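A.B. asks: Quick one: the structure is below, questions incoming.
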2 protein chains.
Amino acid sequence: MAKNYTKIINSLPSSVPFVGPETQERLLDKQFDSRIGANESVFGPSPKALKVMKDEASSLWMYGDPENFDLKIEIAKKHNIKSENIVVGEGIDGLLGYLVRMLVEPNDNVVTTDGSYPTFNYHVNGYAGILKKIPFKEDFEDLASLSSFSKKLRPKIVYVSNPNNPMGTFNNKSEIQAFINEVPDDTIICLDEAYADFVPDDDLIDINVNQENLIRMRTFSKAYGLAGARIGYGIGHKNLINNFDKIRNHFGMNRVSQFAAIASLKDHNHLKDVISRVKNSLKKLEEIAIKNDCKFVKSSTNFLAIDCGYDGLFAKKVLDNLISNGIFVRMPFTSPENRCIRVSAGTDEDINFFEERFPKALKEAKIFFNY
Amino acid sequence: MAKNYTKIINSLPSSVPFVGPETQERLLDKQFDSRIGANESVFGPSPKALKVMKDEASSLWMYGDPENFDLKIEIAKKHNIKSENIVVGEGIDGLLGYLVRMLVEPNDNVVTTDGSYPTFNYHVNGYAGILKKIPFKEDFEDLASLSSFSKKLRPKIVYVSNPNNPMGTFNNKSEIQAFINEVPDDTIICLDEAYADFVPDDDLIDINVNQENLIRMRTFSKAYGLAGARIGYGIGHKNLINNFDKIRNHFGMNRVSQFAAIASLKDHNHLKDVISRVKNSLKKLEEIAIKNDCKFVKSSTNFLAIDCGYDGLFAKKVLDNLISNGIFVRMPFTSPENRCIRVSAGTDEDINFFEERFPKALKEAKIFFNY
């Protein structure tokens with residue numbers, strides 16, 4: 001018997017678009033040798049964060065501070081802003097859900113890039129918004145089209161990731177600033193900067209918390225190596241930030257994660273070290289691509305989109321071969337971006353596994369398609 | 001300039017009804033000597049969970065399994081049900097938010113007890129539902145009125161906590177079963193059993209996952225001593241459980257918390273030990289109440305409502321005196337329940353502090369009111 005669920009719930013698909021590597025491991029009945037598919041940081045969290053997590057484990061009987069007071073102070077220092085301009089949440093995923101809820105009513109327009117972050121789309125669908133998806137333009141987010149459609153459709157939100165996922169490309173700061181200036185005031189610009197820690201600060205736009213229609217999303221899941229801790233934050237005008245407090249799960253944050261994030265922010269050396277190791281790892285991945293006669297997309301993130309040379313079906317076959325051979329990687333959803341597989345920076349061991357198995361995966365795909 | 005927020009967001013208050021003890025500590029500029037106000041478990045998590053948290057800290061660079069696969073298997077064992085009947089989320093708080101979102105559209109009716117869990121009300125307000133609040137009846141949730149109003153109003157949800165918070169009373173299983181039978185099929189019964197681990201299993205209703213309009217909420221925040229880990233779960237019919245997957249934050253769970261919860265479920269001795277320590281601690285609190293000429297409400301939880309003998313203003317004064325004197329406690333919001341303060345089970349040290357300072361807090365309140 002059907003219960004009185006909302007119209008939206010009844011209309012949503014029951015299928016889940018997100019498959020975790022653990023699900024694949026259960027299906028394959030073995031563990032991956034290399035987990036380089038979710039853009040996690042194999043280089044792990046700061047040793048200072050690790051120490052805090054161990055020291056504070058026994059304090060986990062207490063709820064975390066619902067205000068995230070101390071964490072916001074450290075984040076404020078990093079960006080030279082005030083705590084009132086920061087909202088902390090259960091990863092950027094959680095914050096995107098709140099943002100969409102704050103703005104999107106059924107049939108409201110939302111603009112994004114086709115093939116960019118699916119969790120944003122998941123939330124928009126979850127509130128019955130209408131997604132207008134702009135194709136990538138030569139592997140870059142097409143800011144000109146995103147802004148012109150924003151002017152035309154007056155969407156509640158326009159979503160831009162920079163550097164973007166899954167291609168890893170970066171729109172420079174003058175392009176981003178021009179885009180921000182073009183978007184109508186009544187559209188909220190959600191600038192997802194999950195990978196911004198891999199870009200030199202000088203290459204990012206200045207932080208302007210006076211702009212009421214801009215929110216910038218950051219995370220501890222990538223460069224800080226704390227994906228499993230679930231800590232993201234948004235930076236914006238205090239009026240926008242305030243609205244999160246009306247609806248967020250105030251006691252949603254893990255107490256030890258709060259401490260770990262604070263410790264991470266204080267460990268500049270670890271962050272620098274991770275960024276340097278990521279660069280080295282991507283360089284090796286680039287070399288592996290070249291050695292296998294593959295192109296790659298220059299990346300400003302901790303992952304590399306490797307062009308397998310044919311279409312999406314071919315790349316999917318390469319991906320499946322890698323997965324069944326112990327290498328967890330992912331790939332873009334849209335054409336022509338899905339000519340690529342997306343490989344995260346890895347340890348030397350991860351990269352060695354990939355170097356060894358990628359040629360075989362390519363070769364078997366070519367045999368399969370008779371190329 | 002006002003942005004295009006939803007009508008609901010614009011209508012919600014910007015004030016936050018939840019004050020954490022950390023906020024009070026910042027205001028008082030000192031730490032509490034006893035933190036016995038949020039019904040956390042001062043006895044902490046299982047040593048096995050502690051070990052896992054330390055061992056797995058370095059794995060926190062990985063996202064948690066979005067399916068909570070292994071955790072659901074352990075939960076399923078505990079209740080002798082299937083994984084398909086379980087949803088895991090960011091505390092009961094998070095799950096209540098999802099449940100309300102699944103069911104409540106603007107102006108839909110929802111029935112609850114006046115003065116029971118405010119976070120449930122927060123979510124109902126957050127989706128513009130209309131709350132019908134039934135008063136407590138002699139410190140018990142009034143199941144007869146809750147069911148008769150459910151028949152009359154056909155609400156989307158009727159919320160019952162058992163044992164309830166903030167009074168700690170328990171409606172026995174025949175009463176609860178009769179209530180469930182009375183509620184119309186098209187109303188979802190949300191049975192919040194956060195404190196059920198303190199009640200003998202035989203005193204709880206059987207688990208019936210065939211009943212499509214019932215969800216039972218459980219948590220690791222109370223008896224399991226993992227409040228800061230943010231892990232709750234719901235038990236229900238698979239159709240109901242399925243709907244959570246349409247909207248929940250799939251990657252919302254802390255990876256180490258997942259492991260800690262699994263380890264906790266396997267440590268039956270720790271759970272038994274905590275329950276026994278809680279009983280002893282409540283016994284001492286009862287004795288302290290009696291020694292101070294106060295009544296108390298017999299509790300089936302890990303906290304005790306101590307009747308300060310006068311009205312809400314008086315109890316609030318006692319509470320303020322305790323707080324400014326280093327003891328964190330809370331109190332009910334509604335009259336006449338607010339004649340009480342609510343004191344959580346504590347360590348011997350916590351209880352000694354309370355024993356020492358409660359008489360002074362009472363005395364000063366009497367002087368203040370000239371009683």
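A.B. asks: Taking the options B:205, B:231, B:215, B:262, name whichever one is outside the structural domain of residue B:354 (by TED's automatic domain parsing), touching a strand residue (DSSP E or B) at 6+ places or on another chain (Cβ under 9 Å) and under 22 Å from residue B:65 (Cα atoms).
C.D. replies: B:231
A.B. asks: Now for a separate question. Look at the range A:108-131 and say how many of its residues are touching a Phe, Trp or Tyr at 6+ places or on another chain (Cβ under 6 Å) and closer than 14 Å to residue A:187 by Cβ.
C.D. replies: 2
A.B. asks: Can you confirm whether the range A:229-236 contains a residue that is touching a residue at least 24 places away in the same chain (Cβ under 8 Å) and more than 15 Å from the chain's Cα centre (by Cα)?
C.D. replies: The answer is yes, given that some residue of the range A:229-236 is touching a residue at least 24 places away in the same chain (Cβ under 8 Å) and more than 15 Å from the chain's Cα centre (by Cα).
A.B. asks: Which one is surrounded by the most Cβ atoms within 10 Å (Cβ to Cβ) among residues in the range A:45-61 that are of a type in the set (Gly, Ala, Ser) and either within 9 Å of chain B (Cβ to nearest Cβ) or over 22 Å from residue A:198 (Cα atoms) (or both)?
C.D. replies: The residue in question is A:49.
A.B. asks: Can I ask one more? Among B:333, B:314, B:296, which is the only one that is more than 28 Å from residue B:50 (Cα to Cα), surrounded by fewer than 21 Cβ atoms within 10 Å (Cβ to Cβ) and at pLDDT below 95?
C.D. replies: B:333
A.B. asks: Shifting gears a bit: Does residue B:281 satisfy the condition of being in a loop (DSSP other than H, G, I, E, B) and of a type in the set (Gly, Ala, Ser)?
C.D. replies: Spelling it out, it is not the case that residue B:281 is in a loop (DSSP other than H, G, I, E, B) and of a type in the set (Gly, Ala, Ser).
A.B. asks: Further, regarding this structure: Can you go through A:64, A:37 and tell me which one is more than 9 Å from chain B (Cβ to nearest Cβ) and either crowded, with 23+ Cβ neighbours inside 10 Å or touching a strand residue (DSSP E or B) at 6+ places or on another chain (Cβ under 7 Å) (or both)?
C.D. replies: Among A:64, A:37, only A:37 is more than 9 Å from chain B (Cβ to nearest Cβ) and either crowded, with 23+ Cβ neighbours inside 10 Å or touching a strand residue (DSSP E or B) at 6+ places or on another chain (Cβ under 7 Å) (or both).
A.B. asks: Could you tell me which of the residues A:88, A:160 is surrounded by 17 or more Cβ atoms within 10 Å (Cβ to Cβ), within 23 Å of residue A:332 (Cα to Cα) and away from chain B (no Cβ under 12 Å)?
C.D. replies: A:160
A.B. asks: Could you tell me whether residue B:278 is within 21 Å of residue B:50 (Cα to Cα), hydrophobic (A, V, I, L, M, F, W, C), assigned by TED's automatic domain parsing to the domain that holds residue B:40 and out of contact with any helix residue (DSSP H, G or I) (no Cβ under 8 Å at 6 or more places or on another chain)?
C.D. replies: no
A.B. asks: Right, here's the next one. Is it true that residue A:24 is over 30 Å from residue B:25 (Cβ atoms), more than 8 Å from every other protein chain (Cβ to nearest Cβ), part of a loop (DSSP other than H, G, I, E, B) and in contact with a helix residue (DSSP H, G or I) (Cβ under 7 Å, 6 or more places away or on another chain)?
C.D. replies: Taking the combined requirement at face value, the residue does not satisfy it.
A.B. asks: Among the candidates B:119, B:113, B:169, single out the residue that is of a type in the set (S, T, N, Q), in contact (Cβ under 8 Å) with a residue 60 or more places away in the chain and over 28 Å from residue A:254 (Cβ atoms).
C.D. replies: Being of a type in the set (S, T, N, Q), in contact (Cβ under 8 Å) with a residue 60 or more places away in the chain and over 28 Å from residue A:254 (Cβ atoms) holds for just one of B:119, B:113, B:169, which is B:169.
A.B. asks: Could you list all residues from the range A:202-225 that are at the interface with chain B (Cβ under 7 Å from one of its Cβ atoms) and under 15 Å from residue A:92 (Cα atoms)?
C.D. replies: A:225
A.B. asks: A further question follows. Evaluate the following for residue B:40: is it of a type in the set (Asp, Glu) and either in the same structural domain as residue B:225 (by TED's automatic domain parsing) or modelled with pLDDT under 95 (or both)?
C.D. replies: No, not satisfied.
A.B. asks: So, residue B:75, is that one assigned by TED's automatic domain parsing to the domain that holds residue B:348 and either modelled with pLDDT of 95 or more or more than 22 Å from the chain's Cα centre (by Cα) (or both) or not?
C.D. replies: The answer is no for residue B:75.
A.B. asks: Still on this structure: Could you please let me know if residue A:195 is among the aromatic types (Phe, Trp, Tyr), touching a residue at least 12 places away in the same chain (Cβ under 8 Å) and out of contact with any helix residue (DSSP H, G or I) (no Cβ under 6 Å at 6 or more places or on another chain)?
C.D. replies: Yes: the conditions hold for residue A:195.
A.B. asks: Being of a type outside the set (Ser, Thr, Tyr), touching an Asp or Glu at 6+ places or on another chain (Cβ under 8 Å) and buried (at least 17 other Cβ atoms within 10 Å of the Cβ): is that true of residue A:42 here?
C.D. replies: yes
A.B. asks: A further question follows. Check whether at least one residue in the range A:60-69 is more than 20 Å from residue B:35 (Cβ to Cβ), in the same structural domain as residue A:237 (by TED's automatic domain parsing) and over 23 Å from the mean Cα position of the chain (by Cα), and report yes or no.
C.D. replies: no
A.B. asks: Can you name every residue in the range B:175-190 that is away from every other protein chain (no Cβ under 14 Å) and surrounded by 22 or more Cβ atoms within 10 Å (Cβ to Cβ)?
C.D. replies: Across the range B:175-190, the qualifying residue is only B:179.
A.B. asks: Which one is surrounded by the most Cβ atoms within 10 Å (Cβ to Cβ) among residues in the range A:67-85 that are within 12 Å of chain B (Cβ to nearest Cβ) and not in a helix (DSSP H, G or I)?
C.D. replies: Looking at residues that are within 12 Å of chain B (Cβ to nearest Cβ) and not in a helix (DSSP H, G or I), I get A:68.
A.B. asks: If you go through the range A:91-106 one residue at a time, how many are assigned to a helix (DSSP H, G or I) and either touching a Leu at 6+ places or on another chain (Cβ under 6 Å) or more than 7 Å from chain B (Cβ to nearest Cβ) (or both)?
C.D. replies: Counting residues in the range A:91-106 that are assigned to a helix (DSSP H, G or I) and either touching a Leu at 6+ places or on another chain (Cβ under 6 Å) or more than 7 Å from chain B (Cβ to nearest Cβ) (or both) gives 7.
A.B. asks: In this structure, does residue B:100 turn out to be more than 18 Å from residue B:257 (Cβ to Cβ), in contact (Cβ under 8 Å) with a residue 24 or more places away in the chain and among the aliphatic types (A, V, I, L, M)?
C.D. replies: yes
A.B. asks: For residue A:273, indicate whether it is assigned to a helix (DSSP H, G or I), more than 20 Å from the chain's Cα centre (by Cα) and surrounded by fewer than 18 Cβ atoms within 10 Å (Cβ to Cβ).
C.D. replies: Answer is yes for this residue.
A.B. asks: Give the residues of the range B:97-152 that are crowded, with 23+ Cβ neighbours inside 10 Å, under 18 Å from the mean Cα position of the chain (by Cα) and charged (D, E, K, R), sorted by residue number.
C.D. replies: B:141
A.B. asks: Also, quick follow-up: From the list B:228, B:252, exactly one residue is within 11 Å of another protein chain (Cβ to nearest Cβ), buried (at least 22 other Cβ atoms within 10 Å of the Cβ) and outside any loop (DSSP other than H, G, I, E, B). Which is it?
C.D. replies: B:228 is the lone residue from the list that is within 11 Å of another protein chain (Cβ to nearest Cβ), buried (at least 22 other Cβ atoms within 10 Å of the Cβ) and outside any loop (DSSP other than H, G, I, E, B).
A.B. asks: In addition: For residue A:279, are the conditions met, namely being among the basic types (Lys, Arg), in contact with a Ser or Thr (Cβ under 8 Å, 6 or more places away or on another chain), more than 14 Å from chain B (Cβ to nearest Cβ) and surrounded by fewer than 16 Cβ atoms within 10 Å (Cβ to Cβ)?
C.D. replies: No, not satisfied.
The values are calculated or read from the model by the stated rules, or taken from the named source; none is laboratory data. Nothing here was measured: the structure is a model prediction, and the numbers come from that model. With ideal geometry, Cβ positions are generated from the backbone for all residues, glycine too; neighbour counts draw on all protein chains shown.
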